Amino acid sequence: MRVESIHRKGQNHPVAATKHLTAEQMAKNQKEISVSEFFAKNRHLLGFDNKQKALLTTIKEAVDNSLDACEEAGIAPDLLIEIHQVEEDRFRVVIEDNGPGIVKEQIQNIFGKLLYGSKFHSRRQSRGQQGIGISAALLYAQMTTGKGAKIISKTTRGKPQSLTLQMDSAKNKPMITKEAVLKEWHLKHGTRFEVELEATYKRGLRSVDDYIKQTAVSNPHATLHYLTPDDEEPRIYERAVKVVPDRPAEIKPHPYGVELGELIRMLRETNSRWLVGFLQEEFCRVGRKKALEIIKEAGLGEKSYPTRIAREEADALYRSIQKTKISAPPTTCLSPIGEKRITEGLMKETDADFYAVATRPPSVYRGNPFQIEVGIAWAKPGGDQLEVDKRGRIKKTKKRRGTVDTENLLGNADEPVRLLRFANRVPLLSQQSGCGFTKAVTQTSWKSYGLQQPKGSMPLGSAVILVHMASVWVPFTSEAKEAIAPYDEILKEVKRALQDAGRKLGAHIRKDKRVANEFEKRSYIEKYLPHVGIGLQEILGITDEAREEIVETLGDSLETARNI
Amino acid sequence: MAAKKKITKKTAKKKSASKKPRTRKVGEDESNKGKGLKQVALDSIVAVAKMVQKTATGGGLPEMVMPQRNLSNVTYDKKTGYFELGDNYKTRKLDVNSVKTFAQTLRLMSLAQDMVGDADFATKREAYYVSKNWGEAKFNEQRESDSVLDDIEGMFSLKGVTRETLRFVPEEHGGSVVGALTVIDKDPETGDPIRSDCAAMGSGAYTVPSSVDHLGFETTAEFIIAIETGGMFQRLNHHRYWRTANCILVEMGGVPTRATRRFVRRLSEGLKLPVYAFVDCDPYGMCNIYRTLKVGSGASAHINAKFCVPNASYMGVTPQDILDFGLEDATHPLLPVDIKRAKDALKNDPFFQAYPAWKKTLKQMLTMGVRAEQQAFAKWGLNFVIEEYLPVKIKNAKKFLP
Ligand SMILES: Nc1ncnc2c1ncn2[C@@H]1O[C@H](COP(=O)(O)OP(=O)(O)O)[C@@H](O)[C@H]1O
Ligand SMILES: [Mg+2]
């Protein structure tokens, strides 16, 4: 922490030698704590707890933003992600997208101000949601290297803007250190974010490599060019589908999903004049009749002024909402990945032999619509694949080998299955054990689907289980957005989806075993039948041709008798 | 019998060299002569192969039928005198599970065909090693080849063909023999007769070879004692009991081998000699050793006709002997396996079920709850068995258990 601005000068004042302080003395130490100072102390909450994670979080925030922006603008994302090693533990990171770009005035706020974003207040499914992401990355970089971030952004109509930004972390305000309009840029529209930070680059689980690969799985419509410090050439994750997912509709909050504090804020900030109007305007699924029902139950007047509703009245209103029967929120606001795309994403990035997917119908937890999707990629232990041809003969086919960097996703047959967790298409890499998805997987009985499973643990197998939750509001257990809170409704839906996909897997494994079994039997026959021929030839002294003919006829008779 | 005994006594009293006991003779077994059984064996092998060939060419799946070999598939009739094979058969149809054994069966038949033709033989172990040259079809353990040999023998048993006819011989040699018996064997190279005098074996004994149908015999003996243990056999041989009693002693060494059974059978049948079994007084001695000697076993039901001694009788030791000869304090309590064996015999063994005397004996043993070994007589002095027990018992040979 070499940067001046994070020192809290007020706190370091020498305190009077007396043991006890007067209120006046204490007042000298009481001052506003800026958000950025808060961050400096609590950076682990935001995913910057160590150097390796800092690199991942920085890239993750930028990539999430790029994908969000592209999708909102209906553009098929083309992303460039580069990691350059500058010093032993210092890296320069570049994330460039072909998104809509950012208008010049907003650039400094987006990147140089914490808690500034467009997604926090919207009830629409998106990757970012706290508005804390990208500026936290800048702040971390600045704290560890003293350097700010360089942003180039161009909108279709505007000129390419280049800004170098720092953050005044005491005031939570951006400071532009360099500013220029570029004569030309290689993209018609898009944004490039470049930053230097203290970090460590590692491969393996929970690495940037892992994140990029999983992102390619959950975003088969995106092309990613990823350059690691170890490689000369970028790895390319080519898109498997061209169509960009529809922009999810925005919805108003559902009354069940609003907590008391939020309700009070909404009452204070509304433009509606009357309570009955407020309820209809600010919430979904509330018409005039429902609004009156709620108000009556709360013992309030329909024409009360929302802005003047006192604490106790808000409490009554809140309780009345919980008691009233209100229909579930619309689910048009959800954008699931889709069964076909999940399969394509998995096929693209895993070298498996079988894929099963399951999508649950949308559901609701605490007033928030959500939808669960599950995908399973399963590789046959041993590797060889058996195929039954039209004539019923079984052939061994060589295993496909190929796509870049496949080794990470599928483990060995005796290892726990890899669980890929996604929230709004964002891979969740850490805190697997504390995640609701994990709980749902371990609580599912995989034995009946053909996988081994130690009691209360992940199933074993060379397989990947993908769980995706699409929601307007994903209930993370912390700000670092790494684990899903285990709400009963969510657990139930995940389990059902796992069961749906699991049944398909089970059927396949059973069939696979049957075929393998049959193959084994047939090879067994092929091995010993010639000896029946030899025995006959020796005893009866028949010719080689006669012997071969007998063996062949017997082979045919046996196959017909068995027929698969 | 009485007449013979008189002669013996006279001879013993007068010690006259001129009065020789009557000599009886028997030659090579009929079945072993000429081409008869060999040809049947060769024909049977070809017949099986032809059947397989015909079924296969006709687009069918061939099957081999063989009798089931266990105690539940035998019947016992006192008149026939041995366990007879019942009507249960197992069918080995060519399929995935049987293809290996099927191939191995044919290949072992082919080996038998060669051996019968060339008058060579293979021990069961050698047959197992021959298969090592068959590549994939080789046997992994001798247990497997033994079992296939038994199957082949089972298939052919209805025609009287045995494993020995097919020229497969067991490793283990037969029991030991001493006494007033001359065995006439043949030199395998020259065909010349070779005479072995079982009274001229010194402290050793004549050993029963693995196949015995080609042997001829000459004897002056009056009966045969088949003895369970080597220890008792040695004692009786050492004191030349066979000379005193004018008999033949055969050591079985536990359950008698096929060759020993066939040997005793040929002696008893060809020379018309009674056979007295002398074994431990325990369920194993009665239900396994004696029963197998007399009527054969369930597992070898297909060959019992030749490989047992229907006119054997049980001399002892009986539970009643324990009481009559004061052996009570020289006994051991029956073990749970003993009790189970005796109860199984009462419940499932057609032989014991056929004789009330045997049922009574087994029940008596169970009630007494004890067993006694042959050697227990040593309690009364080492040669009590020679001086007291055997003479007393043999005097009442008609009362022996059937
Ligand atoms: N690459 C980008 N292209 C276009 N807009 C962007 C880009 N990155 C960020 N934004 C805008 O900046 C806002 C703030 O981003 P961020 O601080 O990461 O918060 P959040 O993603 O949670 O809204 C986003 O909501 C989005 O409107
Ligand atoms: Mg963001």
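Can you tell which of A:E526, A:E518, A:E493, A:E489 is charged (D, E, K, R), over 26 Å from A:P369 (Cβ atoms) and touching a residue at least 40 places away in the same chain (Cβ under 8 Å)?
A:E518
Could you please find all residues in segment A:183-214 being more than 16 Å from ligand 1 (Cβ to nearest atom), in a loop (DSSP other than H, G, I, E, B) and open to solvent by less than 50 Å² (accessible area, probe 1.4 Å)?
Answer for segment A:183-214, where residues must be more than 16 Å from ligand 1 (Cβ to nearest atom), in a loop (DSSP other than H, G, I, E, B) and open to solvent by less than 50 Å² (accessible area, probe 1.4 Å): A:A199, A:T200, A:Y201, A:G204, A:S207.
When segment A:279-327 is examined, which residues are found to be of a type in the set (V, I, T) and either open to solvent by 50 Å² or more (accessible area, probe 1.4 Å) or farther than 23 Å from A:S363 by Cα (or both)?
Taking segment A:279-327 and keeping what is of a type in the set (V, I, T), we get A:286, A:294-295, A:307, A:309, A:321, A:324, A:326.
Selection gives A:I294, A:I295, A:T307, A:I309.
Please indicate, with yes or no, whether at least one residue in segment A:478-494 is facing chain B (nearest Cβ under 10 Å) and open to solvent by less than 20 Å² (accessible area, probe 1.4 Å). Steps first, please.
Initial filter on segment A:478-494 (facing chain B (nearest Cβ under 10 Å)): none.
No, segment A:478-494 contains no residue that is facing chain B (nearest Cβ under 10 Å) and open to solvent by less than 20 Å² (accessible area, probe 1.4 Å).
Please give the number of the condition B:Q113 fails out of (1) within 14 Å of chain A (Cβ to nearest Cβ); (2) within 25 Å of B:G86 (Cα to Cα).
(2)
Could you list, in sequence order, all residues of segment A:80-103 that are away from ligand 2 (no atom under 16 Å from the Cβ), open to solvent by 40 Å² or more (accessible area, probe 1.4 Å) and outside any strand (DSSP E or B)?
A:E88, A:D89, A:V103
Can you tell me which residue in segment A:528-564 is least open to solvent (accessible area, probe 1.4 Å), limited to those that are more than 8 Å from chain B (Cβ to nearest Cβ) and among the β-branched types (V, I, T)?
Ranking the qualifying residues of segment A:528-564, first place goes to A:V551.
Would you check which residues across segment A:255-278 are free of Cβ contacts under 8 Å to residues at least 60 places away in the same chain, surrounded by 15 or more Cβ atoms within 10 Å (Cβ to Cβ) and not aliphatic (A, V, I, L, M) and list them?
So the first thing to find is which residues in segment A:255-278 are free of Cβ contacts under 8 Å to residues at least 60 places away in the same chain, and the list is A:259-278.
Still in the list and also surrounded by 15 or more Cβ atoms within 10 Å (Cβ to Cβ): A:263-264, A:266-267, A:270, A:272, A:274-278.
Passing the criteria: A:T270, A:S272, A:W274, A:G277, A:F278.
What number of residues within segment A:236-293 satisfy the criterion of being closer than 30 Å to A:A73 by Cβ and not aliphatic (A, V, I, L, M)?
Of the residues in that region, 21 qualify.
Residues checked against (1) of a type outside the set (D, E, K, R); (2) open to solvent by less than 10 Å² (accessible area, probe 1.4 Å):
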site	(1), (2)
B:A221	yes, yes
B:T229	yes, no
B:A245	yes, no
B:V250	yes, yes
B:A259	yes, yes
B:K272	no, no
B:D282	no, no
B:H302	yes, no
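Pick from B:D324, B:D349: which is among the acidic types (D, E) and open to solvent by less than 60 Å² (accessible area, probe 1.4 Å)? Lay out the reasoning, then the answer.
Numbers: B:D324 fails: open to solvent by less than 60 Å² (accessible area, probe 1.4 Å).
Result of the check over B:D324, B:D349: B:D349.
Which one of A:L197, A:L205, A:L224 is over 21 Å from A:P77 (Cα atoms) and touching a helix residue (DSSP H, G or I) at 6+ places or on another chain (Cβ under 8 Å)? Steps first, answer last, please.
Numbers: A:L205 fails: touching a helix residue (DSSP H, G or I) at 6+ places or on another chain (Cβ under 8 Å); A:L224 fails: over 21 Å from A:P77 (Cα atoms).
Sole residue among the options that is over 21 Å from A:P77 (Cα atoms) and touching a helix residue (DSSP H, G or I) at 6+ places or on another chain (Cβ under 8 Å): A:L197.
A:A69 versus (1) within 12 Å of ligand 2 (Cβ to nearest atom); (2) surrounded by fewer than 18 Cβ atoms within 10 Å (Cβ to Cβ): which is the lone unmet condition?
(2)
Do you know which of the residues in segment A:407-460 that are among the hydroxyl-bearing types (S, T, Y) and open to solvent by 30 Å² or more (accessible area, probe 1.4 Å) is farthest from the chain's Cα centre (by Cα)?
Restricting attention to segment A:407-460, the residues satisfying the condition of being among the hydroxyl-bearing types (S, T, Y) are A:430, A:433, A:438, A:442, A:444-445, A:448-449, A:457.
Narrowing the set further to residues that are open to solvent by 30 Å² or more (accessible area, probe 1.4 Å) leaves A:433, A:442, A:445, A:448, A:457.
Values: A:S433: 16, A:T442: 20, A:S445: 25, A:S448: 28, A:S457: 22 Å.
Looking at the filtered set, the residue picked out is A:S448.
Could you list all residues from segment B:164-200 that are in a loop (DSSP other than H, G, I, E, B) and under 22 Å from the mean Cα position of the chain (by Cα)?
Within segment B:164-200, the subset in a loop (DSSP other than H, G, I, E, B) is B:164-167, B:170-175, B:180, B:187-192, B:198-200.
Answer for segment B:164-200, where residues must be in a loop (DSSP other than H, G, I, E, B) and under 22 Å from the mean Cα position of the chain (by Cα): B:E164, B:T165, B:L166, B:R167, B:P170, B:E171, B:E172, B:H173, B:G174, B:G175, B:A180, B:C198.
The values are calculated or read from the model by the stated rules, or taken from the named source; none is laboratory data. The shown structure was predicted, so the numbers you read here are calculated from the model rather than taken from an experiment. Glycine gets a Cβ as well: all are built from the backbone with ideal geometry, and neighbour counts include every protein chain shown. Heavy atoms of the whole protein, side chains included, go into the accessibility calculation; ligands, DNA and RNA do not. Shrake-Rupley method; radii C 1.70, N 1.55, O 1.52, S 1.80 Å.
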